[in-house]
1. Any residue in the range B:429-436 that is charged (D, E, K, R) and open to solvent by 30 Å² or more (accessible area, probe 1.4 Å)?
2. Among the listed residues A:Leu279, A:Leu283, which satisfies the condition of being open to solvent by less than 10 Å² (accessible area, probe 1.4 Å), within 30 Å of A:Ser110 (Cα to Cα) and either assigned to a loop (DSSP other than H, G, I, E, B) or out of contact with any helix residue (DSSP H, G or I) (no Cβ under 6 Å at 6 or more places or on another chain) (or both)?
3. Contact list please: Cβ distance under 7 Å, first residue in the range B:77-104 and surrounded by fewer than 16 Cβ atoms within 10 Å (Cβ to Cβ), second residue assigned to a helix (DSSP H, G or I), pairs at least six apart or on different chains.
4. Can you report the number of residues in the range A:59-80 which are within 25 Å of the chain's Cα centre (by Cα) and under 22 Å from B:Glu153 (Cβ atoms)?
5. When the range A:34-47 is examined, which residues are found to be more than 9 Å from chain B (Cβ to nearest Cβ) and either assigned to a loop (DSSP other than H, G, I, E, B) or open to solvent by 10 Å² or more (accessible area, probe 1.4 Å) (or both)?
6. Scan the range A:70-106 residue by residue and report those that are assigned to a loop (DSSP other than H, G, I, E, B) and more than 10 Å from chain B (Cβ to nearest Cβ).
2 protein chains.
Amino acid sequence: MFDKIVPRSEDYAKWYTQVIRQAEMADYAPVRGCMVVRPYGFALWENVKEQLDSRFKASGHQNAAFPLFIPMSFIEKEAEHVEGFKPELAIVTHGGGKKLEEPLVVRPTSETIIGYMYSQWIQSYRDLPVLINQWANVVRWEMRPRLFLRTMEFFWQEGHTAHSTHAEAEEETLRILDIYTDFAVNEAAIPVIPGRKSDSEKFPGALTSYTIEAMMGDKRGLQAGTSHDLGQNFAKAFDIQYLDANQKQQHCWTTSWGVSTRMIGAIIMAHGDDQGLVLPPRLAPTQLVIVPITPKNREDDKQAVMDAVAKICETLEGVRYHVDDRHDYSPGWRFNEWELKGVPLRIEIGPRDLAKNQVVLARRDIPGRDGKSFVSSGNVANEVNQMLDTIQADMLKRATAFRDANTFEPTSYEAFQEVVEEGFARARWCGNETCEDKVREDTQATIRCIPIEQPDGDGNCIVCSAAAEEIAIFARAY
Amino acid sequence: MFDKIVPRSEDYAKWYTQVIRQAEMADYAPVRGCMVVRPYGFALWENVKEQLDSRFKASGHQNAAFPLFIPMSFIEKEAEHVEGFKPELAIVTHGGGKKLEEPLVVRPTSETIIGYMYSQWIQSYRDLPVLINQWANVVRWEMRPRLFLRTMEFFWQEGHTAHSTHAEAEEETLRILDIYTDFAVNEAAIPVIPGRKSDSEKFPGALTSYTIEAMMGDKRGLQAGTSHDLGQNFAKAFDIQYLDANQKQQHCWTTSWGVSTRMIGAIIMAHGDDQGLVLPPRLAPTQLVIVPITPKNREDDKQAVMDAVAKICETLEGVRYHVDDRHDYSPGWRFNEWELKGVPLRIEIGPRDLAKNQVVLARRDIPGRDGKSFVSSGNVANEVNQMLDTIQADMLKRATAFRDANTFEPTSYEAFQEVVEEGFARARWCGNETCEDKVREDTQATIRCIPIEQPDGDGNCIVCSAAAEEIAIFARAY
């Protein structure tokens, strides 16, 4: 039923697609570039959503829904915005059997339409801040689609807020960056680096873009979420004004921020191994699979095993578990399937275990014998909960160690060019776009971010040797 | 701040739109026919979603996400389907700066694209049943848009299942009808009538469509959810086949079913009154608002009141509450706002109540003095929970009594024509489309459904007097 998955070392891109399709996470749709998120992938996305959503709500944000269609003229109101998005637009020209007077854009992002609505809703400083998020689908034409990473339609949340001062908007932008970082580190077990984008990489129309950057299993970088300080650019383009306490009209300061189904791609690539997915327990749709091993033609043994399984299930608390009682399939076949699907923990239980009053606990993150332990039947629930915590913590440690082992601090441009092929290069940058461009041309690497946390002191640009205040992370990226 | 809302008796349609906009449930978008669901409306929709979603999951369904865009050729594969939907399509002709070879349809519903995916995924009887739902936006061109009831883009869930036998598919269709009925009655407090659609009203491409039909405050009918037995129509159009246990290729039997943001319109119209919304406690975003009444310039009193409020909040359990401490606004102004927003229960507490160790509990569903009671401060949490249950039950009773009082059983066609203007007419129908058409022409009323529950015995068609086995519900409808 399963084809052999190519090892990551042989063909990482192929491994990625095979894992996704064989684990039934997602599939390509008949429309080029579009994706179907299958139930298993969607269950993971639902857990991502729930974790992010509860953080947004706890920090005072509310959800809403804005329209899919945006008048073409709206997109054209902010100069950088239209330049950035125009090549990627899908355009509705006909509706209800007629040609439309003004073509409609299928939203690639919603700053413009939401900006327009905010201009209608916001009158006074008392109406501020407005803190709204939406979970939505967006469309960006995509020439080289890849499941979860770059698809023509993708799913995301986009937060859009309006404030009375720039300081407040900046604070919001960074508050969200903290939420994204906390989510990535503590739920997805991905040690992201929060930082600022260089001007050439920022969102079209933003003053400053912030990002969380992650390292994938092939040592390339991936932008896993962004938070933008939009200044007054959209407020001016869409006339979002409020009457301040002194009865003076002021333009608002706005922000926008998003995490998309790309996060699923990040989880797959940060943790997956040659057997398939390895999902972090806190987000895994199924945290524990119980595989009863029932010898053929021995109905008594089978019944005894199933009784023991039922007893264990009764004791489990707060665990998302599944009993795989497909007795027609061999234990090995079933183990493979759940390993492919990345279920963090497996219980194996057969007649021999029953006799010893024990079960086998097998960790997905440590394949083979090393990840197996025997647990007394009476203590399964406890051990399962502890083990899930341990796996979660170990996955983060492992991903952090991997990233750190593949992060280099070259001291010459020559060394830089070498190491940037092999992972993240931390190096000083003068802030000049010419140096950034040279790196891109020489190595295909880009500035992933200028980390929020900077070392003391100063030094010289890795490219031009001019004085450079800040360290940047350079890498080849998705 | 609030404009006066027109009484329902004067202009029901205007009342409806005014309530929605002033309660900040939703707004029209700049694109004609499109809607913005504002945070308060969306919070209600989130509660609707949660209730339905947990029922779907408990009955074995999983969520997934299928693409927004469907190739035009797909829509054309099922003859009735294309006939029904073609006039309503929005069409993407350009993408990524180029004219597309095949235009893409923005999904009006997803039978075709999901049918195609199922044909790829389903091979054997072991793969069946497939029980998938998606929460999605869909687009149907709309000439006479009305918020929540008919908008060009709307939000819904659409379930799509595939089975190995017709009996199983029928069972699924009716299982979902039961879930919809249970949700409407027990969560939305709307006494819907589950029944079958006549052939002329069924879903384009279905064998049989089932529906839940509700009566609105103006005595018109509203279809609040549908469940379709699609037979093998889509399985044949999209080649959804499986190998049965005898190694024979068979076509699947499929179903589809949906509830949309229209349900929000139903809740507004089934319960609202001249003061605004009246939301059922089980779905209300805010179930209880606490309004501290703090006299100006008496800081001590204010502190004492706020302390008492804090104490009450500590005791509340499992209640979605909000403290409206906008002391700048008069109590009356605040009461009006929360009445407009339909919050089921209000606590008023001021210095005089403190002195008597009591609070005022005011029910939204019974305006004025009759809905007010005094509750001892120590017992607030208990009383609140009980009162919310009582309000929920009373709202259902009231809506049921209203529907029953406006449901008639005319015995002549003359009487029928009169009463069908005034509510639901229960009358026998021979099953002939000619009679159905005549009713539509004479009265603008349509067959809302042929109820599942039928009286014993038989009789004659209300229109043509031929033998008629079944009773139908006729009404003018949204």
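The values are calculated or read from the model by the stated rules, or taken from the named source; none is laboratory data. As the structure is a computational prediction, the values presented were derived from the model and not from experiment. Cβ sites come from the backbone with ideal geometry, for glycine too, and all protein chains shown count toward neighbours. Side chains are part of the model used for accessible areas, which takes the heavy atoms of the whole protein and leaves out ligands, DNA and RNA. Shrake-Rupley method; radii C 1.70, N 1.55, O 1.52, S 1.80 Å.
1. Yes, the range B:429-436 contains a residue that is charged (D, E, K, R) and open to solvent by 30 Å² or more (accessible area, probe 1.4 Å).
2. Sole residue among the options that is open to solvent by less than 10 Å² (accessible area, probe 1.4 Å), within 30 Å of A:Ser110 (Cα to Cα) and either assigned to a loop (DSSP other than H, G, I, E, B) or out of contact with any helix residue (DSSP H, G or I) (no Cβ under 6 Å at 6 or more places or on another chain) (or both): A:Leu283.
3. B:Gly97/A:Pro87; B:Glu102/B:Met72; B:Glu102/B:Ser73
4. 7
5. Result: A:Asn47, single match.
6. Answer for the range A:70-106, where residues must be assigned to a loop (DSSP other than H, G, I, E, B) and more than 10 Å from chain B (Cβ to nearest Cβ): A:Glu76, A:Lys77, A:Glu78.
Conditions tested, residue by residue: (1) within 12 Å of chain B (Cβ to nearest Cβ); (2) free of Cβ contacts under 8 Å to residues at least 40 places away in the same chain; (3) surrounded by fewer than 23 Cβ atoms within 10 Å (Cβ to Cβ).
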| residue | (1), (2), (3) |
| --- | --- |
| A:Leu131 | yes, no, yes |
| A:Gln134 | yes, no, yes |
| A:Asn137 | yes, no, yes |
| A:Phe148 | yes, no, no |
| A:Thr151 | yes, no, no |
| A:Thr161 | no, no, no |
| A:Glu170 | no, no, yes |
| A:Asp178 | no, yes, yes |
| A:Asp182 | no, no, yes |
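Yes or no, residue by residue, for (1) more than 29 Å from B:Phe74 (Cα to Cα); (2) under 15 Å from the mean Cα position of the chain (by Cα); (3) modelled with pLDDT of 95 or more; (4) among the acidic types (Asp, Glu):
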{"position": "A:Thr17", "(1), (2), (3), (4)": "no, no, yes, no"}
{"position": "A:Glu24", "(1), (2), (3), (4)": "no, no, yes, yes"}
{"position": "A:Asp27", "(1), (2), (3), (4)": "no, no, yes, yes"}
{"position": "A:Arg32", "(1), (2), (3), (4)": "no, no, no, no"}
{"position": "A:Gly41", "(1), (2), (3), (4)": "no, yes, yes, no"}
{"position": "A:Trp45", "(1), (2), (3), (4)": "no, yes, yes, no"}
{"position": "A:Lys49", "(1), (2), (3), (4)": "yes, yes, yes, no"}
{"position": "A:Leu52", "(1), (2), (3), (4)": "yes, yes, yes, no"}
{"position": "A:Lys57", "(1), (2), (3), (4)": "yes, no, yes, no"}
